[in-house]
Amino acid sequence: MADVIKKATRESYGEALRDLAEKYPRLVVLDADLAAATKTGIFKKAYPERFFDCGIAEANMMGVAAGLAASGMIPFASTFAMFAAGRAYEIVRNSIGYPHLNVKIGATHAGISVGEDGATHQCNEDIALMRTIPGMTVIVPSDDVEARAAVEAAILHEGPVYMRFGRLAAPVLNDPATYQFELGKGITLRESDQDEITIIATGLMVGEAVSAADALKADGISARVINIHTIKPIDKELICKAAGETGRIITVEEHSIIGGLGSAVADCVTECCPVPVTRIGVNDEFGHSGPAVDLLKEFGLSSENIIATVKKVLNK
Amino acid sequence: MDETLKKQLMKTAVNVRMGVLTGTFHAKSGHPGGSLSIADLLTYLYYNKMNVNAQNPDDENRDRLVLSKGHTAPALYAVLAEKGYFDKKELESLRHIGALLQGHPCIHIPGVDMSSGSLGQGISAACGMALAGKLNKKDYHVYTILGDGEIEEGQVWEAAMFAAHYKLDNLTAVIDNNGLQIDGKITEVCSPEPIDEKFRAFGWHVIVLDDAHDFDKIDEAFKKAETISGKPVAIIQKSIKGKGVSFMENQVSWHGAAPNAEQYQQAMNELKAALAELEA
């Protein structure tokens, strides 16, 4: 994939906000002193009068967003995932979730790929936290094209939305000319009648899952690949169909295996079609400092580990 | 203040206090003490200050009120019921299963502008509403009421900083300074004093209202607040927790306890007597 274009989804987020601002005049953007990192600075440069820095005060930012939404605006509140979902959790729950206000949370720097900043900033728990809030939509885009589409889908959806973006440049997998984003609908990327396993991935791991499936194909193993960009509401129908047809599931996410995609998929199949689910993700541990690409390998968030895990569970 | 108007407000405030007692008595729980300390304030705001219409509760041009000290919902509900946002009978099912009136304010209740109750959060939402008013060039005003214990929450000061930075002069925060919180006197629990100096240091215009149960003084404070531009206003109102019910006044034990049948009767008798005196 040497010639594949790479772009961090946080960059796509900032650009999408700028590009959609004219179409959606009620859109305003809040940040907590991280505009340069979350890329809302791109919006700020184009629309300074619609951008509000809240300073290093995430709790208040979420509350201000709630008040703006209660007065008809569509606020995007941005900071790192650690502070959006972590520090401000209770404000998101009580001031945004409970009144079901139309706030969009743009959380960047999610997961272990934050890299050198280390464990304090590597949020591997945000999906788990956000998906427990009633009425909260949770989206994890896999690339630039999906991230841009997700931002507009979030605007068009009435209600709170949590969007998870990454710091690390990710390969652009989707073709903007043909790509269609449908909230709550997974996307099947590899499929055949011979599929003996389904790899369900989200975010940065979608590219790794596709690479793994293509390599497995060469070894005579047919694996279905599903991109679940909307963790909540999750595409039960697609997941249960895959469970029934392939009999075995592996989930891959740059998030704790507790409470994230793996848990959400397990929740689904337990009710509709119980099959073994193997979860690849960050195990019950904190991350640490290091280059993002090295950390991803170390924590098994790689096509190599997906391939090895598939072979292991299939005894091949 | 005009004497006839003042008398009318005083009578309404007694009715609001009766509503607080009715709600908490039937709920067998709730927070009468802090509800009674803001009964006069809420009466003044909803009957003499705010541009609101019970027939059109979602009017985008209306003034807004966020009860940041959300546990005193019985007072807000009582005044909204008086105003006709919903039937007064609803007060009797406060906190009951299936009831309209939740234990803490809920945005889905007619007239309630924001869900609140987790302390420290309402003022942030009020800032957002005030900011939206500025952005949309609306001339509505946003009021928020905080407890003096509540301002121990760090988020309050994040919001205070934000409101001053963005010059939200369409925002007025009232700090209900009754001096008591669940664990005792605010000065003994973990003192937030001096409250006036703190808000001043955060860039607010501060008005100290030394008797939150005197409508002339309340009126004077809000009229003064109206003249301030370029910064948000904090009105620190010195109030009496449990005001209007003799055995509840200044008693911290009435922060979060409902009256039993006998106490309810006694309280209602006192309030009825107060009303009769006003009507005499």
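Within segment B:64-121, being buried (at least 24 other Cβ atoms within 10 Å of the Cβ), in contact (Cβ under 8 Å) with a residue 60 or more places away in the chain and either over 19 Å from residue B:18 (Cα atoms) or acidic (Asp, Glu) (or both) holds for B:64, B:65, B:66, B:67, B:68, B:69.
The conditions of being surrounded by fewer than 24 Cβ atoms within 10 Å (Cβ to Cβ), within 12 Å of chain B (Cβ to nearest Cβ), over 13 Å from residue A:160 (Cβ atoms) and small (Gly, Ala, Ser) are met by residue A:55. The set of residues in segment B:168-189 being loosely packed, with under 15 Cβ neighbours inside 10 Å and under 24 Å from residue B:127 (Cβ atoms) is empty. Residues in segment B:29-63 that are of a type in the set (S, T, N, Q) and surrounded by fewer than 17 Cβ atoms within 10 Å (Cβ to Cβ): B:29, B:51, B:53, B:55, B:56, B:61. Would you mind finding the one in B:99, B:130, B:81, B:75 that is among the hydrophobic types (A, V, I, L, M, F, W, C) and either within 14 Å of chain A (Cβ to nearest Cβ) or more than 18 Å from residue B:25 (Cβ to Cβ) (or both)? When all the criteria are applied, what remains is B:130. Within segment B:111-126, the set of residues being farther than 16 Å from residue B:42 by Cα and more than 9 Å from chain A (Cβ to nearest Cβ) comprises just one member, B:119. Scanning segment B:161-177 for residues that are assigned to a helix (DSSP H, G or I) and either among the basic types (Lys, Arg) or touching a Pro at 6+ places or on another chain (Cβ under 8 Å) (or both) yields B:163, B:164. If you go through segment B:250-267 and pick out every residue that is within 21 Å of the chain's Cα centre (by Cα), crowded, with 17+ Cβ neighbours inside 10 Å and not in a loop (DSSP other than H, G, I, E, B), you end up with 3. Would you check if there is a residue in segment A:303-313 being outside any helix (DSSP H, G or I), out of contact with any strand residue (DSSP E or B) (no Cβ under 7 Å at 6 or more places or on another chain) and modelled with pLDDT of 95 or more? No, every residue in segment A:303-313 fails to be outside any helix (DSSP H, G or I), out of contact with any strand residue (DSSP E or B) (no Cβ under 7 Å at 6 or more places or on another chain) and modelled with pLDDT of 95 or more.
Selection within segment A:78-101: residues that are more than 12 Å from every other protein chain (Cβ to nearest Cβ) and of a type outside the set (Val, Ile, Thr). The member of this set that is surrounded by the most Cβ atoms within 10 Å (Cβ to Cβ) is A:78. Among the residues of segment A:63-72, is there at least one that is surrounded by fewer than 23 Cβ atoms within 10 Å (Cβ to Cβ) and modelled with pLDDT of 95 or more? Taking every residue of segment A:63-72 in turn, at least one turns out to be surrounded by fewer than 23 Cβ atoms within 10 Å (Cβ to Cβ) and modelled with pLDDT of 95 or more.
Taking segment A:27-49 as the range and being touching a strand residue (DSSP E or B) at 6+ places or on another chain (Cβ under 8 Å), buried (at least 18 other Cβ atoms within 10 Å of the Cβ) and not small (Gly, Ala, Ser) as the test, the residues that pass are A:27, A:28, A:29, A:30, A:31, A:34, A:38, A:39, A:40, A:43, A:44.
Quick one: is residue A:241 farther than 22 Å from residue A:143 by Cβ, assigned to a helix (DSSP H, G or I) and in contact (Cβ under 8 Å) with a residue 12 or more places away in the chain? No; evaluated as a whole, the condition is false for this residue.
Here residue B:147 meets each of (1) within 15 Å of residue B:230 (Cα to Cα); (2) of a type outside the set (Val, Ile, Thr); (3) more than 11 Å from chain A (Cβ to nearest Cβ); (4) buried (at least 17 other Cβ atoms within 10 Å of the Cβ) with one exception, condition (1). Scanning segment A:1-37 for residues being farther than 19 Å from residue A:149 by Cβ and either free of Cβ contacts under 8 Å to residues at least 12 places away in the same chain or part of a helix (DSSP H, G or I) (or both) gives a total of 6. Does residue A:266 meet the test of being out of contact with any His (no Cβ under 8 Å at 6 or more places or on another chain), in the same structural domain as residue A:210 (by TED's automatic domain parsing), within 23 Å of residue A:234 (Cα to Cα) and not basic (Lys, Arg)? When the stated conditions are applied, residue A:266 passes them.
Against the definition (free of Cβ contacts under 8 Å to residues at least 40 places away in the same chain and surrounded by 20 or more Cβ atoms within 10 Å (Cβ to Cβ)), how does residue B:131 come out, yes or no? Considered against the rule, which asks whether it is free of Cβ contacts under 8 Å to residues at least 40 places away in the same chain and surrounded by 20 or more Cβ atoms within 10 Å (Cβ to Cβ), residue B:131 comes out as yes.
The values are calculated or read from the model by the stated rules, or taken from the named source; none is laboratory data. Predicted model, so just to flag it, every value in this text is computed and none were measured. For neighbour counting, all protein chains shown are included, and Cβ atoms are generated from backbone atoms with ideal geometry for every residue, glycine included.
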